[in-house]
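I have placed the structure first, in the form of structure tokens, so that the comments after it can refer back to it.
The values are calculated or read from the model by the stated rules, or taken from the named source; none is laboratory data. In this text the structure is predicted, and so the values were computed from the model without any measurement. Here Cβ is always computed from backbone atoms with ideal geometry, including for glycine, and neighbour counts include all displayed protein chains.
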Amino acid sequence: MRELVLLCPGTSAEAISDALMDAGVLSVSVEDADLDTDREQPLFGEPGTEPETLAWDRNRIVALLPDGADPGQILELASQLLGSPIDFPHELRDVPDADWVRLTQSQFGPIEVGERVLIVPSWHADQLAEAGPGRIALKLDPGLAFGTGSHPTTHLCLEWLAEQLPPGSTVLDYGCGSGILAIAAVMLGAGATLGVDIDEQAVQSSRDNALANQVVLDAMLPDRLPDGQFDVVVANILSNPLKVLAPMLAGRVRHGGQLVLSGVLERQAGEVAAAYAPWLAMSVWRAREGWVCLAGVKP
């Protein structure tokens, strides 16, 4: 395979990148042409001082060409789509053959979450049996949509489940995504567990991942969620939807049950807790990398 490497000013980088993609290249990346020199410049400023153009003064556009593609024809078509000739300096360079799947997989190994949870990609399946006593091993591939266990908020929720989940508890995972929290809850000793998500593909992802982990999990869209309350309700979403959902989520927790919320920045903890104050007192259970996990017991 070959790459087309083109130098252009920041004012043209985005338009040329879009035109190249429309002309049939496989991928486009934009780099600072002055990287690792005295002229290197940061692209993003402090809040309120971000640049108007999200590109550098001098840009290196790298476009991956399909096998057999004529770079001249690609540039000509991109110029037509752009409405002006692309006459900036450019060159071709070979891309060495490689097993890109294997190289990508080699970057992702098992993820340890606390002392009791291990997230294992499918290409490390031989390590599923090596979790050790008292530890669970979830098979889940990084790079999939809907949550793979690498984000601090997911870690916080997994740690809460590993340390605080009462055995046999009924659990509702609202915003289940990949199903990682619901699956972990079952593997950690929960009773009947439901996963809910507004995205039908996420619901299917939860079902598939539950099957891969040999776990019984009922995942569904919100309109299929049956009436009833749960011993534990966990929601790892974002602060705004958590505030909007406060009456519903609080109402799903039985008296004496526990509510666990994440996807909340430390500076947002107070306002999210205030939204739930009419039903139960929420407080920061643990924080990590600027994110918090809130937990509370319904009186």
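Inside segment 181-207, can you point out the residues that are in contact (Cβ under 8 Å) with a residue 60 or more places away in the chain, closer than 20 Å to residue 159 by Cβ and either hydroxyl-bearing (Ser, Thr, Tyr) or in a helix (DSSP H, G or I) (or both)?
Within segment 181-207, 184 is the sole residue that qualifies.
Considering only segment 251-287, state which residues are part of a loop (DSSP other than H, G, I, E, B) and surrounded by fewer than 18 Cβ atoms within 10 Å (Cβ to Cβ).
277, 278, 279, 281
Show me the strands (runs of 3 or more DSSP E) found entirely inside segment 73-159 where at least 2 residues are closer than 28 Å to residue 19 by Cα, at pLDDT 85 or above and touching a strand residue (DSSP E or B) at 6+ places or on another chain (Cβ under 8 Å).
It comes to 90-94.
Counting just the residues of segment 25-38 that are of a type outside the set (A, V, I, L, M) and in contact (Cβ under 8 Å) with a residue 12 or more places away in the chain, which one comes out farthest from residue 76 (Cα to Cα)?
The residue in question is 34.
Which pairs turn up if I take residues in segment 208-219 that are closer than 11 Å to residue 173 by Cβ and look for partners that are hydroxyl-bearing (Ser, Thr, Tyr) and outside any helix (DSSP H, G or I) with beta carbon separation below 8 Å, at least 6 apart in sequence or on another chain?
Once the first residue is closer than 11 Å to residue 173 by Cβ and sits in segment 208-219, its partners that are hydroxyl-bearing (Ser, Thr, Tyr) and outside any helix (DSSP H, G or I) give 217/193; 218/193.
Name the pairs whose Cβ atoms lie under 7 Å apart, with the first residue in segment 252-266 and touching a residue at least 40 places away in the same chain (Cβ under 8 Å) and over 10 Å from residue 232 (Cα atoms), the second surrounded by fewer than 22 Cβ atoms within 10 Å (Cβ to Cβ) and among the charged types (D, E, K, R), and 6 or more positions between them or separate chains?
255/298
So in segment 158-210, with the set limited to residues that are under 18 Å from residue 296 (Cα atoms) and among the polar types (S, T, N, Q), which one is nearest to the chain's Cα centre (by Cα)?
164
Residues of segment 221-250 being in a strand (DSSP E or B) and over 20 Å from the mean Cα position of the chain (by Cα), which ones?
230, 231, 232, 233
Step by step: first the residues of segment 171-192, then only those that are touching a Phe, Trp or Tyr at 6+ places or on another chain (Cβ under 9 Å) and surrounded by 19 or more Cβ atoms within 10 Å (Cβ to Cβ), then the one that is farthest from residue 238 (Cα to Cα). Which residue is that?
171
Could you figure out which of (1) in contact with a Lys or Arg (Cβ under 9 Å, 6 or more places away or on another chain); (2) surrounded by fewer than 18 Cβ atoms within 10 Å (Cβ to Cβ); (3) of a type in the set (Asp, Glu) isn't true of residue 159?
(2)
When the residues of segment 10-33 are filtered to those that are polar (S, T, N, Q) and not in a helix (DSSP H, G or I), which remaining residue is nearest to residue 58 (Cα to Cα)?
29
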